[in-house]
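Just below is one structure, and these are the notes that go with it.
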Amino acid sequence: MQAAEHLALSAYLKRRRGAVLQAWRIAVTSDPTLTTGAALPRAQLHDHIPALLVDFERRLAGGGLAAADQKRQQGDAAAHGLHRWQQGFDLAEVTRELGRLNECVVVELEEYAVATHNISPSAMAEARRIWAQQCGDAVGASVSQYFQLQQIEATSHIRDLEQALQSLRELERERARLWQQAAHDLRGNLGVVATATAGLASPKASEPMRNGFLRLLDRNVGSLSHLLNDVTSLARLQGGLEHLQLEVIDVVTLLGVLCEDLQPHAQERGLYLRFEGPAALPVEGDAVKMRRIAQNLVINAIKYTRTGGVTIRCGDGASSDLDRWFFEVRDTGPGFHAGPGSQLAGAIEEATEQARQVATDHATGAVTHVNVDLTGTYPSSEDPRPVSQQVGEGIGLSIVKRLCDLLNATTELESEIGVGTVFRILLPRSYGDVTTAAGGRR
């Protein structure tokens with residue numbers, strides 16, 4: 001008897017799925033603590049929420065879940081956490097919006113119980129228990145995936161800092177070797193030289209020794225200084241010390257000037273650097289932070305591209321996403337799959353591919369399900385490319401991601417080894433009257 005009642009409830013929920021999603025969307029966009037979702041089109045906000053509802057309907061209709069269905073359900077929830085991380089949600093928002101979904105489904109169940117007088121209390125109690133268990137599992141899987149991505153980000157930072165420490169050790173060994181040479185060269189006239197500065201300043205220092213010190217300093221000081229600046233910038237972002245300074249700007253002018261400023265850097269490496277865009281594109285935003293994102297991506301693309309070059313593009317969002325605009329950095333380099341930032345980049349790329357599948361399915365009315373084996377499996381740190389990534393690339397990518405979070409922007413990545421990489425940033429056209437601070441959503 002209960003199986004028949006659950007089958008009828010499953011059919012009802014299937015008919016009401018669109019209404020539940022609409023109620024959930026309204027609840028999310030009207031919640032003052034969940035304004036990140038307001039900048040997303042319907043397909044991206046819904047992402048795998050419909051799949052979670054379908055899983056509930058199937059569980060009611062089938063009386064339980066087979067192992068394959070359980071794996072699919074876990075994958076749907078994990079994919080939700082992956083996309084929310086990509087879209088700039090913080091962990092509190094991820095759990096709160098799933099709580100809103102729970103409220104909407106509970107209301108639907110209660111309305112069904114009131115309207116359907118012949119359903120038994122035990123059948124409704126079991127349906128509520130099934131949903132409560134599934135909702136709890138979904139929150140756990142989504143949060144677990146989100147937390148895993150934070151661990152990947154932290155691991156990339158640690159790897160970068162370990163490489164920086166190794167560089168310092170190598171610098172110390174090289175300095176010791178040079179001092180041994182300096183001591184030998186200068187022993188007859190100067191005695192033991194105390195510091196590298198004294199060695200360079202000494203008129204008795206040999207030319208080979210002097211050149212060795214200069215090469216050593218040139219090779220290490222610049223990269224370590226850049227890393228220190230990145231670590232400081234990331235610390236400010238993580239500490240909530242960065243705030244938006246919103247104004248209306250023409251991003252065509254902003255990106256065009258950036259392209260001109262970086263032309264010498266590209267020409268020095270024999271690469272082209274092009275900008276493509278409309279005549280003008282006025283939007284609301286923070287010009288300094290937008291430039292920091294674009295500059296970081298362009299400099300990185302130039303650094304690892306051997307032949308060809310880099311193209312910067314900007315324009316309006318898709319026809320289904322008129323509230324946002326985009327800019328992208330496209331290179332003809334070796335691909336963004338290896339080295340310190342690989343797992344972080346892999347997560348963004350995986351989320352981008354899944355988001356495209358969601359958008360395609362949404363247009364046809366289909367529901368996207370994700371096998372759990374496809375989530376959380378990102379590229380390893382082995383480097384198969386002809387160009388090795390340098391210290392700080394993981395931190396640099398993390399800074400881009402944090403700045404995008406601050407701007408309520410979605411980060412997308414397409415990369416193919418030996419072909420090139422496209423980084424695409426989707427940003428809101430307007431932020432309303434509210435200023436956002438890192439670590440606290442607007």
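At-a-glance table
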{"item": "Simple label model, 7 Å out from Cα along Cβ direction - V106 to T364, nm", "result": "3.7"}
{"item": "Sorted peptide list for 79-90, 117-128, 22-33, criterion being average Cβ within 10 angstrom, highest first", "result": "79-90, 22-33, 117-128"}
{"item": "Computed FRET value (nearest 0.05) for A279 with N371, which takes r as the C-beta separation and R₀ as 51 Å", "result": "0.65"}
{"item": "Two-decimal ratio, region 99-147, of alpha-carbon radius of gyration to 2.2 N^0.38 Å", "result": "1.36"}
{"item": "Residue-normalised accessible area of region 85-151, expressed per residue, 1.4 Å probe, Å²", "result": "44"}
{"item": "Globularity ratio of region 1-156, using Cα Rg and 2.2 N^0.38 Å", "result": "1.07"}
{"item": "Linear extension gain, A287 paired with Q263, 0.36 nm per residue minus alpha-carbon span", "result": "6.6 nm"}
{"item": "Estimated FRET transfer efficiency (T29, Y272; beta-carbon r; R0 45 Å; 0.05)", "result": "0.60"}
{"item": "Two-site FRET efficiency, Q2 against R306, from Cβ-Cβ distance with R₀ of 56 Å, rounded to 0.05", "result": "0.25"}
{"item": "Average accessible area per residue (Å²) across region 254-314 - probe 1.4 Å, nucleic acids and ligands excluded", "result": "44"}
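The values are calculated or read from the model by the stated rules, or taken from the named source; none is laboratory data. Just so it is clear, the structure is predicted and the values come from calculations on it, not from any experiment. All Cβ positions, glycine included, derive from the backbone under ideal geometry; neighbour counts span all protein chains shown. We work out accessible area using only protein heavy atoms, side chains counted, and drop any ligands, DNA or RNA first. Shrake-Rupley method; radii C 1.70, N 1.55, O 1.52, S 1.80 Å.
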